[in-house]
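Here the structure is laid out as structure tokens; the discussion comes afterwards.
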């Protein structure tokens, strides 16, 4: 596949994680329903409306938590790199992006950022942020995403 222009927007999401989260959410809802139906009528009758609603809210919170975990996304465009990890969102201009890494044994990629509050003396001074939208479990897709993000970071660092 030919590389996309460095200014064209790209989006990366972990396909494997999204499938796992979807299956886990559906299984949790289905099992909750099956267990409720399997309860004897005399036990169901002992639940008050507020207790049943509380159980449904707890179920909803578990499903919401799973969906938040699976919602990681990484976007790159002409201005920089933006990503969402859970409920937090981050945006960095290309001038701050030093490198994107996905090392053996890492669960997800990391972006290494040039600090703004101090000079960069060595690579140990770089700030690290997780990119949960690029997961190791996605194999070649993840490696291609990291390579593309590094290509874009390099292109924006190079004088034109």
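Please go through the range 2-48 and pick out each residue that is in contact with a helix residue (DSSP H, G or I) (Cβ under 7 Å, 6 or more places away or on another chain) and more than 22 Å from residue 85 (Cα to Cα). Within the range 2-48, 3, 6, 28, 29, 32 meet the criteria. Taking (1) in a helix (DSSP H, G or I); (2) in contact with a helix residue (DSSP H, G or I) (Cβ under 8 Å, 6 or more places away or on another chain) in turn, residue 118 satisfies each apart from (1). With respect to the conditions (1) out of contact with any strand residue (DSSP E or B) (no Cβ under 9 Å at 6 or more places or on another chain); (2) free of Cβ contacts under 8 Å to residues at least 24 places away in the same chain; (3) not in a loop (DSSP other than H, G, I, E, B), residue 147 falls short on a single one, namely (1). Only one of (1) without any contact (Cβ under 8 Å) to a residue 40 or more places away in the chain; (2) within 25 Å of residue 132 (Cα to Cα); (3) surrounded by 11 or more Cβ atoms within 10 Å (Cβ to Cβ) is not met by residue 44, so which one is it? Only one criterion is unmet by residue 44, namely (2). Being modelled with pLDDT under 95 and surrounded by 12 or more Cβ atoms within 10 Å (Cβ to Cβ) is a property that does not hold for residue 117.
Counting residues that are under 22 Å from residue 156 (Cα atoms) and under 12 Å from the mean Cα position of the chain (by Cα), which strands (runs of 3 or more DSSP E) fully inside the range 1-111 reach at least 1? Full working, then the answer.
Details: elements: 10-13, 73-76, 80-85, 88-93, 97-101.
Per the criteria, 10-13, 73-76, 80-85, 88-93.
(1) in the same structural domain as residue 134 (by TED's automatic domain parsing); (2) loosely packed, with under 12 Cβ neighbours inside 10 Å; (3) at pLDDT 95 or above: which one isn't true of residue 83, the others all being true? Status for residue 83: all satisfied but (2).
The values are calculated or read from the model by the stated rules, or taken from the named source; none is laboratory data. From a predicted model like this one, the values you see are computed outputs, not experimental measurements. As a convention, Cβ positions derive from the backbone with ideal geometry for all residues, glycine included, and neighbour counts pool all protein chains shown.
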